[in-house]
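Readers should treat all values here as calculations from the given coordinates under stated rules, not as data from a laboratory. Computed from a predicted model, the values in this text were never measured in an experiment. Note that we place each Cβ from the backbone using ideal geometry, even for glycine, and neighbour counts take in every protein chain shown.
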Amino acid sequence: MAKWLKKGVEAQVIKEADQKVRETVEQILADIEGRGDAAIRQLSIQFDKFERDSYRLTPAEIDACYSQLSKRDLNDISFAQTQVRNFAQHQRDSIRDLEVETLPGVILGHKNLPINAAGCYVPGGKYPLLASAHMSVLTAKVAGVPRVVTAAPPFQGKPAPAIVVAQHMAGADEIYCLGGIQAIGAMSIGTESIAPVDFLVGPGNAFVAEAKRQLFGRVGIDLFAGPTETLVIADESVDGELCATDLLGQAEHGPDSPAILLTTSESLARDTLAEIERLLAILPTAQIARKAWDSFGEVIVADSDEEMLAIANELAFEHVQVMTRDPDWFLQHLRNYGALFLGPRTNVAYGDKAIGTNHTLPTKKAARYTGGLWVGKFLKTCTYQRVISDEASALVGSYCSRLCALEGFAGHGEQANIRVRRYGKRNVPYAGIDE
């Protein structure tokens, strides 16, 4: 049976914090709906200390952001975007329209249609997370979305140059310098100056995730992408320094980011705990990582790979890094995860920044029922049908009529009956009869 060498905070503490977030978000979204641009401006001043007449960046402002980046910066952004675009295009190419004759004279099909307008949130309050621009804007554009709107908070009192450039290079049609709930509300509800979108994507803090949750239905959303989660599954084939580095590398996202080591080696577990303390003494982002590790870090020692598998499926974490002798065994058997990182040569940071897979992934056990953001999220698979012969219409109509009668839907039944009467070889009474 597995044992915990370290546990995080109790579930009740998390539940109480979530309730406060829900109430705050509900009030702010109602304010945005009621006051539009005035509310957006007030909220931006209150939360981001940022005020301007229009929060949409002008072409001149975008050009100025380019001028603040070096040639190497631009090349690095281009490299990352090339990888993301390449993988997204391969995904798009795998999605096919369909048309098939299922019965003689009955043709069914579906078309994959891009949504009309997408809003992409790019976090950037603590760090200028330009990678989120690649993941959302590029993927939407590969899917064929004609209008892509982006929003990112100011960084150190002004638009973050790297984020703005990444958004523009990825193909954003409108770029706004807005953060948090006000950005989500502006894109989803709309204001006097910002037309609403149909679909909202992107990661963010607890307030951003809750705003997306409350607006779901009014707009579509990609998934619930809250605070970053990382699970390292490891055995004695790797060492504590590697595990500790990979855990803290994700814990620095924020003070509420869970990071868990799951291992069959108690020796590795204790080595990792010691390495974490050593690294926290020298890591530049240790102030944030320490809070996350103290409150949400866990170390679990399991008896076998099978037990680790069961625990990992129950956790259903966003990032799952597997550093065992046989990582492919987990690829074959693990079912609940946002993204897998297999073997010690890869890591979550590669996926976050440059390797090409999408880093917007499900959290809080949403991996039980959805994968991460990908080109298919921006497509609607819409079906159609065509009946091209009298015989086919009469055949399907006779079955449909009788099934409608079983349900008591007389009007539905008559839709079938009128076609049986017109296209069939004999009359069929109202509500249908057996042959």
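Odds and ends about this structure:
- Nearest 10 degrees, 0 to 90: helix 180-189 Cα axis against the chain principal axis: 10 degrees
- Normalising by residue count, the stretch 230-333 has a Cα convex hull of 82 Å³ per residue.
- Modelled spin labels at Asp97 and Ser193, positioned 7 Å past Cα toward Cβ, are 4.0 nm from each other.
- Cα shape, the stretch 190-276, gyration tensor, a/c 1.5 rule: prolate
- Length released on extending from Glu266 to Met1, taking residue separation times 0.36 nm less the Cα-Cα span: 94.1 nm
- On Cα atoms only, tilt of 240-251 relative to the major axis of the chain in degrees: 60 degrees
- Across the stretch 12-134, the mean sequence separation of Cα contacts (distance under 8 Å, 6 or more residues apart), normalised by length, yields a relative contact order of 11 percent.
- Only one of (1) 72, 47, 47; (2) 65, 61, 42; (3) 87, 60, 44 was calculated from the structure for Cα extents along the principal axes in Å, and its label is (3).
- Relative contact order [Cα under 8 Å, 6+ residues apart], the chain, whole percent: 19 percent
- Of the residues Arg325, Arg52, Arg386, the one that moves most in a GNM of the chain with alpha-carbon contacts below 10 Å is Arg386.
- Extension gain for Ala310 to Ala38 (0.36 nm times residue separation, less C-alpha to C-alpha distance): 92.9 nm.
- Site pair Ser78 and Thr285 shows an inter-label distance of 2.7 nm when each label is modelled 7 Å from Cα along Cα→Cβ.
- Degrees separating the helix 390-407 axis from the principal Cα axis of the chain, which is the longest one: 70 degrees
- Mean-position separation - Cα centroids, the stretch 57-97 and the stretch 359-377, in angstrom: 22 Å
- Under the Karplus curve 6.51 cos²θ - 1.76 cosθ + 1.60, θ = phi - 60°, whole-Hz ³J(HN,Hα) for the stretch 120-132, x wherever Gly or Pro sits: 10, 8, 10, x, x, x, 7, 10, x, 7, 4, 4, 5
- Between the stretch 291-315 and the stretch 178-257, the alpha-carbon center distance in angstrom: 22 Å
- Straight-line reach from Lys377: taking Cα to Cα under 29 Å and skipping same-chain neighbours fewer than 8 places apart, the lysines in range are Lys111, Lys126, Lys141, Lys212, Lys353, Lys364, Lys365.
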